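One structure is given below, encoded as structure tokens.
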Amino acid sequence: MAVTGLKAIKIGILDANDKVDPAKIYTIDMTTAGAIEANVTGLAPAETSLYASNGVYYVSVKGTGQVKLALTVADKESLVAGALEAILGQTKGADKISYTSPDDVPPYCAVEIITSDKDGNDLYMGLLKGKFTFDAVDAKTNDANGSPLSADVLNGSFVTRADKNAVTAKGMAAAPDNVTQTAFETMLFPAAA
């Protein structure tokens, strides 16, 4: 699929019933943390070949592989207050310090990647159910040219969401599909009752 650009990312926190409270949908765009790259891997399933008579007799291919997302943002700390802790399952103390502890359990999230097709029409990609981690900080000294921002990478691993029996989804705004962003988000972030 040919895509161009990355307009925004939306992350919705799923509850125990795979529903989303609209107040728990966080947007990463030019006004917040700045979406740089969304690298989705593991879409292809593992292949198993059966050899017979000195050659491949049968190839078994079904489902998906281990779907992962490496989400690169300009500054994760620029998300709205509480978003990062909510996505990563961390706590912020009364002292305003965020803590990472052995007891952290990140919640399941649904993710929308908003991009465009080769003709500039909106394209919506969804990862239906996964958990995020944040693995590394890369601090470097300034040099004669100043200090470029060190981008942050949130890593997610995704599983099948029961209501759709799927790991990923895609909607195209262009004909013949004519999927609207509202319709896609209604599917991806089903409202909690």
Identify the residue in the stretch 135-171 that is assigned to a loop (DSSP other than H, G, I, E, B) and hydroxyl-bearing (S, T, Y) and, among all such residues, is farthest from A74 (Cα to Cα). T160
Please go through the stretch 41-58 and pick out each residue that is in a loop (DSSP other than H, G, I, E, B) and in contact (Cβ under 8 Å) with a residue 24 or more places away in the chain. G42, L43
State whether one or more residues within the stretch 59-68 are assigned to a strand (DSSP E or B), among the hydroxyl-bearing types (S, T, Y) and either out of contact with any strand residue (DSSP E or B) (no Cβ under 6 Å at 6 or more places or on another chain) or surrounded by 14 or more Cβ atoms within 10 Å (Cβ to Cβ) (or both). no
Of all the residues that make up the stretch 138-157, how many are exposed (fewer than 10 other Cβ atoms within 10 Å of the Cβ) and either of a type in the set (D, E) or in contact (Cβ under 8 Å) with a residue 12 or more places away in the chain (or both)? 3
Meets criteria (at negative phi, surrounded by 18 or more Cβ atoms within 10 Å (Cβ to Cβ) and among the hydroxyl-bearing types (S, T, Y)) for T160: no
Being assigned to a helix (DSSP H, G or I) and either more than 24 Å from Q181 (Cα to Cα) or touching a residue at least 24 places away in the same chain (Cβ under 8 Å) (or both) narrows E37, E85 down to just E85
Filter the stretch 163-193 down to the residues that are surrounded by 14 or more Cβ atoms within 10 Å (Cβ to Cβ) and of a type in the set (S, T, N, Q), then identify the one that is farthest from the chain's Cα centre (by Cα). Q181
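Where a number appears in this text, it was derived from the coordinates with a stated rule and is not lab data. Note that the structure is predicted; figures quoted are calculated from it, not measured. Ideal geometry is used to build each Cβ from the backbone, glycine not excepted, and the neighbour counts take in all protein chains shown.
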